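Nothing in this text is a laboratory measurement; each read-out follows from the coordinates by a stated rule. Values in this document were obtained by computation on a predicted structure and should not be read as measured data. In this analysis, Cβ positions are derived from the backbone assuming ideal geometry, glycine residues included, and neighbour counts consider all displayed protein chains.
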């Protein structure tokens, strides 16, 4: 996940389809039947982005928000009953939450600075980035919007945070080392650790379901590819080797697959699903922009 403007810039960069990439869902893919994907969709360029859900194979699409405003960056709660997201419906980018079916949409933040890129922690708290682009910090708050605290409190730009499933550690992107790299920090602001040091940009990290691994996007091979590493930064491994851009990578609930936004020739940006080793990459959406997916098991 990134802000809407950044996504448009990344996805308009001339991505092409690599060998072995197939449009359409794989008939061999198996899910629990309760799995849902929440994502941002712009069916037509004249429309503003809205939040939708669908099955992991791209079927059963349901629109959740209906606003003449930007609704983006959705993320499921750990139990799948709520979705947190970013919206400018009240004149400023703020954090909102709603129920799984789109009901009970509630504004959580009211600061005049921009609040964006929200993500639930395993304990129900929410991490988000606060401040203008170029000078953002990572904050954390309770699930009802109370108790907001600046976690990183650094003059460099800290962004794109994801909270670990156990709720005690945050992984994020920071420019504090002079380059965009990936760091972790405890939710109380202690134990800052730098995980990547490559001169290329490493960005958009996310945790595996058991918090032992981090998946991220890297430019280190000249194209935006998917990488994984251990939670301490060891064993950095390139997962994909194609000419498609993989962005905003998220593990499936069982940790066996990855869902992401892919840049494909002829399409501005679509949701793709692949095995965790990078094999069997399939684009499961079509038409318009379909980006920023998150995957969770939800109640029946």
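Brief remarks on what is shown
- The relative contact order of segment 57-131, computed from alpha carbon pairs under 8 Å that lie at least 6 residues apart in sequence, is 25 percent.
- Distance between the modelled labels on residue 300 and residue 150, one decimal in nanometres: 4.9 nm (7 Å Cα→Cβ projection).
- Convex hull of alpha carbon positions in segment 4-297: directionally averaged projected area 13.6 nm².
- Rg/Rh for segment 187-247, where both radii come from Cα atoms and Rh is the Kirkwood radius: 0.99
- Taking other Cβ atoms within 10 Å as a rough exposure proxy, 73, 213 sort from fewest to most as 213, 73.
- Relative contact order of segment 151-208, defined on C-alpha pairs under 8 angstrom at six or more residues apart (%): 33 percent
- 222 nm mean residue ellipticity, helices alone, for the chain (DSSP H n ≥ 4; -39,500 (n - 2.57); rounded to 500): -500 deg cm²/dmol
- Computed on the chain, with alpha-carbon pairs under 8 angstrom and 6+ residues apart, the relative contact order is 18 percent.
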